[in-house]
Amino acid sequence: MKWKKYLSVFRLRFAMCLQYRTAAFAGVATQFVWGFMEINVFYAFRSSDPAAFPMGFEQLASYIWLQQAFLALFMVWFMENEIFDSIMDGNICYELCRPIDLYNLWFARSAAHRMSRALLRCAPILLAAFLLPPPYRMTLPPDALTLVCFVFAMLLSVTVTIALCMLVYMLSFFTVSPQGLRILFAMIAEVLQGIVIPLPFYPRNVRRLMEMLPFASMENVPLRIYSGNISGGEAVRAMLLQGFWVLLLIAAGKLICRRAMKKVTVQGG
Amino acid sequence: MIVMKNICKTYRVARRNAGFREAVKSFLHREYDTVTALDNVSFSIADGETVGYIGPNGAGKSTTIKILSGILTPDSGECLVDGRIPWKDRIGHVARIGVVFGQRSQLWWDVPVDDSFELLRDIYSIPSDVYRRNRDELTELLDLGKLLKTPVRQLSLGQRMRCELAASLLHSPDILFLDEPTIGLDAVSKIAVREFIVRLNRERKTTVILTTHDMQDIEAITRRIILIGRGSILLDGDLSDIAGRGDLDHTVAELYRSYDI
């Protein structure tokens, strides 16, 4: 069973992350306060000119709470330090003498890490968000089909996010330190993903361009589907684009991985 | 059967003089030097042999181990391990070998040793009866008992190294590469590790290739030694050929000096 290996990696990494309880508690508190502040800022913005506000306020509140609850799934800066360390200090030689594909191994690891972190943090944040009074309150999606699409788009989003991070890991084989690459990708992604400001707030032409990039396939799509901000044919197109980026980014990552393996020099004796 | 024939490997090293100006210069234009790690290395090792691979720091020992274990691709030369070219058929190859890097860890830091073992069981697709038998046997021989339930971060170096050894042997490899397995260990742990390896070789006929700076390791475990210096094989023979003149450390130091390495 070829998949069993990766499932096993996933399981162990998942279980391992579940033991960091203090970090989870701190995360919940931070994300909750952060979400609250962000909604206040947008509320002030809407009060000054309601006509200029491009989303329904309920849509925005849901967007922000989902973003905070599932932060660990979409943040690009949230990468595996141990992977970078193993490339830098040469510990990777142990991973290379296993009968396992390095790309898939790291992919499984990253997926487990992100999902376990999100799982520990999302419930309290979502619960509180549903109980808050308006305008802070998070609302349910318009119908069941939307919820299904949302879940599906979320899965695609996480896959795109991990595939993008995999590119950064693989490119780190070719640089002295991974920090530069890591910061570069994280900063670009944070803006283009719609984490700093949701994409509907950008001018129309800029937004159209941004929506085509892989970054928009990472967080923007499921969060806007959830609240009904994009729906119907538009939602289907967005998910197809997500699928396209999944395939392209994974293919690119695997290609770079193969090249890296050929020229790899294990550092540090 | 391991055959290495005319293996060469060079590394590219970015070099610069010390100082800020030099750093800026190298930012704009990096100069590389080629360092020869292995220069026409050839040897062969039969099944069930125990070989000590010695040489001063930077001689090319680790590079050889990494080529033999499929991690590095040599620049030229041929290498066959039980009929496989390690770097061409990496996944098929590594399933049949075990490697211990004394200065690194393969166990997951924050979870009990047993969890790492079970992960290895799945990664190597070890049938569960074989896994159980091997684990129980290794647990007994290396006295792991309670250690299996302990998170790795709370193990001492000696305890951890015993677990590392067991981890590398769960899939019953035909060949075991040991890269400085006793580094930093106390006398008791060193002896335990040595005795275990000797027994492993005797009972399972596992081929053992050992690199170390500890001549007592060599004395206790291996019969044949291969001396490498500046990337070339300088001596390949029976331990008794060079030993017998008293303290092995001095003999080897003498040997290094005579080859000017």
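Look at (1) within 18 Å of residue B:53 (Cβ to Cβ); (2) touching a residue at least 60 places away in the same chain (Cβ under 8 Å) and you find that residue B:169 fails only one, number (1). Residues that are within 14 Å of chain A (Cβ to nearest Cβ) and either assigned to a loop (DSSP other than H, G, I, E, B) or among the hydrophobic types (A, V, I, L, M, F, W, C) (or both) within the range B:114-160 comprise B:117, B:119, B:120, B:123, B:124, B:125, B:126, B:127, B:152, listed in sequence order. The helices (runs of 4 or more DSSP H) located wholly in the range B:172-259 that include 2 or more residues which are more than 28 Å from residue B:8 (Cβ to Cβ) occupy B:187-204, B:215-221, B:248-258.
Of the residues making up the range B:48-75, those that are more than 15 Å from residue B:252 (Cβ to Cβ), in a loop (DSSP other than H, G, I, E, B) and touching a residue at least 40 places away in the same chain (Cβ under 8 Å) are B:48, B:49, B:60, B:69, B:72, B:74, B:75. If you take the residues of the range A:1-32 that are of a type in the set (A, V, I, L, M, F, W, C) and facing chain B (nearest Cβ under 8 Å), which of them is surrounded by the most Cβ atoms within 10 Å (Cβ to Cβ)? Among those that are of a type in the set (A, V, I, L, M, F, W, C) and facing chain B (nearest Cβ under 8 Å), it is A:9. Under the condition of being under 14 Å from the mean Cα position of the chain (by Cα), assigned to a helix (DSSP H, G or I) and buried (at least 20 other Cβ atoms within 10 Å of the Cβ), the residues counted in the range A:79-117 number 8. Here is a check on your reading of the model: is residue A:156 modelled with pLDDT of 95 or more, surrounded by 14 or more Cβ atoms within 10 Å (Cβ to Cβ) and in a helix (DSSP H, G or I)? So residue A:156 passes the test.
Out of the range A:72-105, which residues are facing chain B (nearest Cβ under 9 Å) and among the charged types (D, E, K, R)? Residues satisfying the conditions are A:82, A:89, A:95, A:98, A:101. Against the list (1) of a type outside the set (Ser, Thr, Tyr); (2) in contact (Cβ under 8 Å) with a residue 60 or more places away in the chain; (3) buried (at least 21 other Cβ atoms within 10 Å of the Cβ); (4) more than 14 Å from chain B (Cβ to nearest Cβ), the condition residue A:141 fails is (3). For the range B:66-97, a residue qualifies if it is within 12 Å of chain A (Cβ to nearest Cβ), over 17 Å from residue B:36 (Cβ atoms) and among the aliphatic types (A, V, I, L, M), and the qualifying residues are B:68, B:71, B:91, B:94, B:95, B:97. Considered as a group, the residues in the range B:1-31 that are among the aromatic types (Phe, Trp, Tyr) and outside any strand (DSSP E or B) include one that is modelled with the highest pLDDT, and that residue is B:20. In the set A:238, A:216, A:189, which member is free of Cβ contacts under 8 Å to residues at least 40 places away in the same chain and away from chain B (no Cβ under 14 Å)? So the residue among A:238, A:216, A:189 that is free of Cβ contacts under 8 Å to residues at least 40 places away in the same chain and away from chain B (no Cβ under 14 Å) is A:216. Within the range A:90-100, being in contact (Cβ under 8 Å) with a residue 60 or more places away in the chain and closer than 18 Å to residue A:263 by Cβ holds for A:90, A:92, A:93, A:96. Residues in the range B:165-199 that are of a type in the set (S, T, N, Q) and more than 14 Å from the chain's Cα centre (by Cα): B:172, B:189. Scanning the range A:118-162 for residues that are under 14 Å from the mean Cα position of the chain (by Cα) and not hydrophobic (A, V, I, L, M, F, W, C) returns A:157, A:159, A:161.
The listed residues are A:128, A:108, A:118, and the only one of them that is away from chain B (no Cβ under 14 Å) and touching a residue at least 60 places away in the same chain (Cβ under 8 Å) turns out to be A:128. If the condition is being under 21 Å from residue A:137 (Cβ atoms) and without any contact (Cβ under 8 Å) to a residue 60 or more places away in the chain, then the range A:1-42 contributes A:29, A:30, A:33, A:34, A:37, A:38, A:40, A:41, A:42.
Against the list (1) exposed (fewer than 13 other Cβ atoms within 10 Å of the Cβ); (2) farther than 30 Å from residue B:159 by Cα; (3) in contact with a helix residue (DSSP H, G or I) (Cβ under 9 Å, 6 or more places away or on another chain), the condition residue B:188 fails is (2).
Inclusion of residue B:69 among residues that are small (Gly, Ala, Ser), under 16 Å from residue B:176 (Cα atoms) and modelled with pLDDT under 95 is warranted.
The values are calculated or read from the model by the stated rules, or taken from the named source; none is laboratory data. Only a predicted model underlies this, so the values are computations on that prediction, with no experimental measurement involved. Cβ sites come from the backbone with ideal geometry, for glycine too, and all protein chains shown count toward neighbours.
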